[in-house]
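Readers should treat all values here as calculations from the given coordinates under stated rules, not as data from a laboratory. All values reported here derive from a predicted model rather than from experimental measurement. Neighbour counts run over all protein chains shown; Cβ positions are idealised from the backbone, glycine included.
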Amino acid sequence: MPNDTPAATLNAKEERRILRGHCWAYRNEFAAIPDGLADGQVVDVLAHNGRFVGRGFYQADGGIAVRVFSRHADDPDTAFFTRRLAAALALRRRLFAGSDVFRWVYGDSDGLPGLVVDRYGAVAVARASSQFYFDRSQLIADCLMAVGEVAAVHFELGGVVRRFGDLPEALELEIDGVRAELRLGASQKTGLFLDQRRNWPVVRELARDARVFDGHCYHGFWSCHAALGGAAAVTAVDSSAAAVEQAQRNLELNGVADKCAVLCGDVEKTLAGGDAYDVVILDPPAFAKTRAQAAKALGRYQALNAAAAARIAPEGGFLVTSSCSHFVDESMFLEAVKRAIVGAGRTARLLELRGASPDHPVLLAMPETAYLKCLVLRVD
């Protein structure tokens, strides 16, 4: 059959990175892009000599012109999405046997660039960054419900939501022994920040009989693990009133609310006016959304971690600090934290350098898929 898919031709030698497994073709890498392509339209990527490189979808805005979803001339139909979703689900079931909460699809790493899907029991929550997926939201929802045997799908693109199936107002979940409530309409992104899932339990070992500070607590999972690990007292802070309300509810569900104080406010200011702590946890939102914001973000990370180091008990304690800013890499974040520790007049030893939970696998051909840095430090 003739191929009527429009084709965009790369400049000479620009195909090499894509042939090695990268999924992004940048606008300035193309010699020719057909006129009139619609946002999200399927397009073939060709090398300068006409060789087929991959099939993807066009993005009208931004530096990435095409996101490649296949090295073959695959049609993005029911069979295609069923294969990709089934493969992704099989990996998560191996990684999290017995659990029905996990990140089901992690974009490029699962062959679906620009799409993330979290599974929360009988509900799948999908978030797309391209019109390509939103145009196929019914098809994808049908595949999610068929492959994963979920009953409902919450699908979002840029604040526009489509709902498929019977979506409950709230879900009660259990994640590695911690009970939680999730209200889809009141949560950020896909609901929970599951990238920290394997890192939350680290504080159990550190928190026994300790005074714990949980900065940017969101829905309170660090606090729940600390309290369940035997913390003497936990102070949890977030600037979002909705997050604070949900954190309080989750602490109550786990029977540990009596030892936790949950506050709505600025984390750095709360630290500055607070008591000494044996364990400080920092899990802020991304301070750098673009490369141009990286330098300013480093200053914010340094100030925040300096405030934390200053509040750790004089006899020493632990700092668990994270960055989810893609444009602040591991070495940059380590340097900012080091400067913060020195500036606070303390010394520190790095006990662990951790990343995202394995349901956020890193595609080796795409370092961009690695973004989370979590440091576990002993501070003296």
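Some values worked out for this structure:
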quantity	calculated
Partner aspartates and glutamates for LYS296 [C-alpha distance under 19 Å; skip if fewer than 8 residues away on the same chain]	ASP266, GLU268, ASP283, ASP329, GLU330, GLU335
Radius 15 Å from Cβ of GLY215, net charge of other residues (Lys, Arg +1; Asp, Glu -1)	-3
Most mobile listed residue (GLY148, GLY273, GLY317) in the chain, GNM with C-alpha springs under 10 Å	GLY273
Residue among GLY158, GLY56, GLY111 with the largest mean-square fluctuation in a Gaussian network model of the chain, springs linking Cα atoms under 10 Å	GLY158
Nitroxide proxy distance, nm - points 7 Å out along Cα→Cβ at LYS13 and ARG51	1.4 nm
Cα centroid separation - segment 222-283 against segment 1-27, whole Å	48 Å
Reciprocal of mean inverse Cα separation for the chain (Kirkwood radius, Å)	22.2 Å
Of ARG84, ARG291, ARG311, the one that fluctuates the most in a GNM where the chain has Cα springs shorter than 10 Å	ARG291
Vicinal HN-Hα couplings computed from phi for segment 11-22 (Karplus, 6.51 cos²θ - 1.76 cosθ + 1.60; Hz; Gly/Pro x)	5, 4, 6, 6, 7, 4, 5, 5, 5, 7, x, 6
Entries of LYS289/LYS373; LYS259/LYS338; LYS269/LYS373; LYS338/LYS373 with Cα pairs more than 20 Å apart	LYS259/LYS338; LYS269/LYS373
Footprinting exposure proxy for ASP258, ASP176 (fewest neighbouring C-beta atoms within 10 Å first)	ASP258, ASP176
CD proxy at 222 nm, helix term only [per DSSP H run n ≥ 4: -39500 (n - 2.57); per residue of the chain; nearest 500]	-8000 deg cm²/dmol
Modelled FRET efficiency - R0 30 Å, GLU149 with ASP74, Cβ distances, 0.05 increments	0.75
Estimated FRET transfer efficiency (ALA241, ALA170; beta-carbon r; R0 22 Å; 0.05)	0.80
Spacing of the two label points (7 Å from each Cα toward its C-beta) at ARG339 and ALA261, in nm	3.3 nm
Percent antiparallel among DSSP beta bridges (both partners in the chain, rounded to 5)	65 percent
Dipole of the chain, positive end: most advanced residue of ILE18, ALA65, ILE33 [Cβ charges, Cα centre]	ILE18
Rounded to 5, the percent of DSSP beta bridges in segment 110-228 classed as antiparallel	75 percent
Estimated distance in nm for a label pair at ARG27 and LEU139, the labels positioned 7 Å out from Cα along Cα-to-Cβ	2.6 nm
Order of THR235, THR347, THR321, THR270 under a 10 Å beta carbon neighbour criterion, fewest first	THR347, THR270, THR235, THR321
Overall Cα dimensions of segment 177-330, principal axis frame, Å, largest first	44, 43, 26
